[in-house]
Amino acid sequence: MRDALAPQAGLYTVGIRDEEGERLRIVGAVTETLVAPESPATVLARLADPRVRVVTATVTEKGYCHNPASGDIDDRHPDIRRDLTNPTQPRTLPGFLVEALRRRRAAGVPAFTVLSCDNLPNNGEVTARILRAYGAMLEPDFDHWIEDHVACPSSMVDRIVPATTADDRARIAAALGVEDAAPVVTEPFTQWVFEDRFSAGRPAWEEHGAEPVADVRPYEAMKLRLLNASHSCIAYLGYLSGYQTVAETTADPAFARFVAALMDDEVTPTLRMPAGADLTRYKAALLERFRNPALRHRTWQIAMDGSQKLPQRFLDTVRDRLAAGAPFDRLALGVAGWMRYVRGVDETGAPIDVRDPLAERLRHLAEEAGPVAGRLAPALLSVREVFGDDLPANEAFVTAVTAALDGLFDRGAWYCVERLG
């Protein structure tokens, strides 16, 4: 990305696409791009600069080096262990942020705010917990200083942004008359909600459509449980059904019915939204966004890193449904779809390019269990980083997921989706 942006002075194009066409806008907000592994000292110097007051983080779920089931730092993570022994040459997000904060404290410079923009429930609380835990391992009592001085507000970002393709670059270059090596293609919808709690002030983002709130958790849950859970179901079950994109998948009436029923019957009863929030309108807009034929959002792309995504997209909702004694058949099918997918072989016998931090471990478990639901489900449920200790011991959960997985092996993904739609 640095090599793409540097020759064009950090400028890039945003292409907003829908069925009516594409609108292009040149963005000039990026003034410098650093590649951390090449020069961690330069990155640390930027972070320690007194002019820096807000550091945002968009590093995906796995970038937090944490246990997705518990939210705690993974102190056995090899890069975390390496950073603790060599803190001035960090590799991880906690390593960079805590070392920069330590330098700011030593220089008498106020702490910056760390604002997570990743798809994690309570992402600010997760960030704060990880920074404190890493700080305590690095230096006695530094966790207390972080707790007292570093604000970590939560936020929720909602916009569908597929990976840019060669076709996107060619189309935008033809329209502009100049080549852009790093265009971004997205949908018209956008929403950014953030908790209004900062260590040293912030820009007036609300003047440009962002929404400062006292509590972001209801909006976080709405997005993770409605949009992201639906996306993951579409990704695994759509891919297994032979669909390459979200739009193709949701154009199938069986999938459209399934996603609508998932949102209405299993997810919505678990949400507690503030007055004025219109869930009915949001869900209707989601279905329209999924059907946007101008966005080629690949099911394979969304399926990446499932071991990091399942806890917040599916499993917290499942726990709420279990506590209420309510059914969760579609969520169980989504979990089973992930299990079927990470075997690495699709319904035609073709290999699947599984991208996941735990891919090798998952593949080994799947190979040992074989294509038998009664063996594969418990094997993958043993991955405590994903399912915790409670769900593998819950008979209702194990039974539902095993039955769903058996249906996938017996009849295939499309049939199971059609049956529950």
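One table, with the values for the structure above:
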item	result
Pro274 being in the same structural domain as Ala404 (by TED's automatic domain parsing), farther than 19 Å from Thr245 by Cα and at pLDDT below 95	yes
Filter result for Ala170 (within 30 Å of Glu22 (Cβ to Cβ) and either in a helix (DSSP H, G or I) or in contact (Cβ under 8 Å) with a residue 60 or more places away in the chain (or both))	yes
Helices (runs of 4 or more DSSP H) wholly inside segment 1-103 containing at least 2 residues that are among the acidic types (Asp, Glu)	78-85
Ala413 vs. criteria closer than 21 Å to Ala256 by Cβ and either assigned by TED's automatic domain parsing to the domain that holds Glu61 or of a type in the set (A, V, I, L, M, F, W, C) (or both)	yes
Residue within segment 108-118 that is more than 25 Å from the chain's Cα centre (by Cα), closer than 18 Å to Ala136 by Cα and of a type outside the set (A, V, I, L, M, F, W, C) present	no
Flag for Glu195 being in contact with a strand residue (DSSP E or B) (Cβ under 8 Å, 6 or more places away or on another chain) and charged (D, E, K, R)	yes
Segment 228-255, residues that are surrounded by fewer than 23 Cβ atoms within 10 Å (Cβ to Cβ) and touching a Leu at 6+ places or on another chain (Cβ under 7 Å)	Ala247
Scope segment 257-288; condition hydrophobic (A, V, I, L, M, F, W, C), assigned to a helix (DSSP H, G or I) and surrounded by fewer than 17 Cβ atoms within 10 Å (Cβ to Cβ); matching residues	Ala261, Leu279, Ala284, Ala285, Leu287
Cβ pairs under 8 Å, 6+ apart, first in segment 388-405 and in contact (Cβ under 8 Å) with a residue 60 or more places away in the chain, second outside any helix (DSSP H, G or I) and surrounded by 18 or more Cβ atoms within 10 Å (Cβ to Cβ)	Gly388/Ala69; Ala400/Phe328
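For every residue, the table says whether it meets (1) exposed (fewer than 11 other Cβ atoms within 10 Å of the Cβ); (2) farther than 16 Å from Thr113 by Cα; (3) outside the structural domain of Arg104 (by TED's automatic domain parsing); (4) in contact (Cβ under 8 Å) with a residue 40 or more places away in the chain.
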site	(1), (2), (3), (4)
Leu5	no, yes, yes, yes
Ile16	no, yes, yes, yes
Thr42	no, yes, no, no
Leu47	no, no, no, yes
Thr56	no, no, no, yes
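The values are calculated or read from the model by the stated rules, or taken from the named source; none is laboratory data. Model, not experiment: these values are computed from the prediction. Cβ: placed from backbone, ideal geometry, glycine included. Neighbour counts: every protein chain shown.
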